[in-house]
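Trainee: One structure follows; several queries about it will come next.
The values are calculated or read from the model by the stated rules, or taken from the named source; none is laboratory data. Computed from a predicted structure; not experimentally measured. Don't worry about glycine lacking a Cβ; one is built from the backbone with ideal geometry, like all the others, and counts go over all protein chains shown.
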Amino acid sequence: MKLKNLIATLGLLTAGTAFGATGIFGSYIEIFTTTSTIYKGENFSSKANIQGADFGTFSVGDTLLLGNAQVDTFKNIGAGDNVTGAELQYRVYPTLGTPGAFQIHNFSFQSNATYTDLGGMSISGSGDQAWGNTNDIDLLALTSGNGNYTLEVFFKAFTNLGDRFSSNSGNNFKATFTVIPEPSAALLGVLGALSLMRRRRL
């Protein structure tokens, strides 16, 4: 009997213990070209993945903006856990080149649950929060000429239990796009080549 009572008491104590937990369970970016497309880093939404995305082909004067960006975070309120901030880190570099340093896109607190996140998911868990930034980043301004480019990003949340990441298992999320000459510049290049060929024949 005494052993049974001890097991029952331990069970009650275990059930009343609050385990600490914090993290990111959703991450998104919104890309503006001639239209707006939302991409997910991670979540169960039906949005396209950032990883492996191809944003398309652009020339000077076109629009390629990283607009809205957001993370969904969770915390165990009962254990006194807290999320204190979040950010997106990003860099753009020639796909076959050497990546440079990451730049920081600071997030602000946006909402406690219940809310609808950037991916269209209804978020209602106790302790769930949205953090984001709606300022535009001109991705074409970060390029240095024609060619293929990679946008690499990861998301970071700051918590009392340490930093939390949404980063494609530490490999970061990578998407690509291509920059080509303006049509007028391309035409001038063709005309110049034709003129050079004509001179050589003469």
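Trainee: Residue by residue through segment 165-182, note down the ones that are outside any loop (DSSP other than H, G, I, E, B) and not basic (Lys, Arg). So that I can check it myself, show each step before the final result.
Mentor: Just the residues of segment 165-182 that are outside any loop (DSSP other than H, G, I, E, B), to begin with: 165-166, 173-179.
Listed by number, the residues that qualify are Phe165, Ser166, Phe173, Ala175, Thr176, Phe177, Thr178, Val179.
Trainee: I want to confirm something. Restricting to segment 93-137 and keeping residues that are part of a loop (DSSP other than H, G, I, E, B) and among the polar types (S, T, N, Q), which single residue is nearest to Thr22 (Cα to Cα)? Working first, answer last.
Mentor: Filtering segment 93-137 for residues part of a loop (DSSP other than H, G, I, E, B) gives 95-102, 107, 113-114, 117-121, 124-128, 134-136.
Then keep just the ones that are among the polar types (S, T, N, Q); that gives 95, 98, 114, 124, 126, 134-135.
On the way: Thr95: 34, Thr98: 34, Thr114: 18, Ser124: 16, Ser126: 12, Thr134: 24, Asn135: 26 Å.
Result: Ser126.
Trainee: Something else about it: In segment 31-45, what count of residues is obtained for those that are over 21 Å from Gly61 (Cβ atoms), part of a strand (DSSP E or B) and not hydroxyl-bearing (Ser, Thr, Tyr)? Give the steps one after another, and end with the answer.
Mentor: Start the filter on segment 31-45 by keeping residues that are over 21 Å from Gly61 (Cβ atoms), which leaves 38-45.
Still in the running and part of a strand (DSSP E or B): 38-42.
Then drop every residue that is not not hydroxyl-bearing (Ser, Thr, Tyr), which leaves 38, 40-42.
Matching residues across segment 31-45 total 4.
Trainee: Additional query: Identify all residues within segment 46-68 that are closer than 25 Å to Ser169 by Cα and part of a strand (DSSP E or B); write none if there are none.
Mentor: We begin by selecting, within segment 46-68, every residue closer than 25 Å to Ser169 by Cα; these are 46-55, 66-68.
Result: Ala48, Asn49, Asp54, Phe55, Leu66, Gly67, Asn68.
Trainee: Another one. Among the residues of segment 50-76, what is the count of those that are under 25 Å from Thr159 (Cβ atoms) and of a type in the set (S, T, N, Q)? Let's see the steps before the verdict.
Mentor: So in segment 50-76, the residues under 25 Å from Thr159 (Cβ atoms) come out as 50-51, 66, 68-76.
Now narrow it down to the ones that are of a type in the set (S, T, N, Q): 51, 68, 70, 73, 76.
Of the residues in that region, 5 qualify.
Trainee: Taking the condition within 19 Å of Phe74 (Cβ to Cβ) and in contact with a strand residue (DSSP E or B) (Cβ under 7 Å, 6 or more places away or on another chain), does Thr150 pass?
Mentor: Details: within 19 Å of Phe74 (Cβ to Cβ): no; in contact with a strand residue (DSSP E or B) (Cβ under 7 Å, 6 or more places away or on another chain): yes.
For Thr150, the condition - within 19 Å of Phe74 (Cβ to Cβ) and in contact with a strand residue (DSSP E or B) (Cβ under 7 Å, 6 or more places away or on another chain) - is not met.
Trainee: Also: Quick test of your reading of the structure: Ala141 fulfils all but one of (1) surrounded by 14 or more Cβ atoms within 10 Å (Cβ to Cβ); (2) over 17 Å from Tyr28 (Cβ atoms); (3) over 17 Å from the mean Cα position of the chain (by Cα); (4) among the aliphatic types (A, V, I, L, M). Name the failing condition by number.
Mentor: Going through the list (1) surrounded by 14 or more Cβ atoms within 10 Å (Cβ to Cβ); (2) over 17 Å from Tyr28 (Cβ atoms); (3) over 17 Å from the mean Cα position of the chain (by Cα); (4) among the aliphatic types (A, V, I, L, M), Ala141 breaks only (1).
Trainee: Considering only segment 77-99, how many residues are surrounded by fewer than 17 Cβ atoms within 10 Å (Cβ to Cβ) and either under 17 Å from Thr159 (Cβ atoms) or of a type in the set (Gly, Ala, Ser) (or both)?
Mentor: The total comes to 8.
Trainee: Which residue is farthest from Asp138 (Cα to Cα), if the candidates are limited to segment 39-62 and must be of a type outside the set (Gly, Ala, Ser), in contact with a helix residue (DSSP H, G or I) (Cβ under 8 Å, 6 or more places away or on another chain) and modelled with pLDDT of 95 or more? Can you show your working first?
Mentor: Taking segment 39-62 first, the residues of a type outside the set (Gly, Ala, Ser) are 39-40, 42-44, 47, 49-51, 54-55, 57-58, 60, 62.
Still in the list and also in contact with a helix residue (DSSP H, G or I) (Cβ under 8 Å, 6 or more places away or on another chain): 58, 60, 62.
So of that shortlist, the ones also modelled with pLDDT of 95 or more come out as 58, 62.
On the way: Phe58: 12, Asp62: 10 Å.
My answer is Phe58.
Trainee: Regarding Thr134, is this residue surrounded by fewer than 22 Cβ atoms within 10 Å (Cβ to Cβ), at pLDDT 95 or above and over 14 Å from the mean Cα position of the chain (by Cα)? Quick ask: steps written out before the conclusion?
Mentor: Working: surrounded by fewer than 22 Cβ atoms within 10 Å (Cβ to Cβ): yes; at pLDDT 95 or above: yes; over 14 Å from the mean Cα position of the chain (by Cα): no.
Against the criterion (surrounded by fewer than 22 Cβ atoms within 10 Å (Cβ to Cβ), at pLDDT 95 or above and over 14 Å from the mean Cα position of the chain (by Cα)), Thr134 does not qualify.
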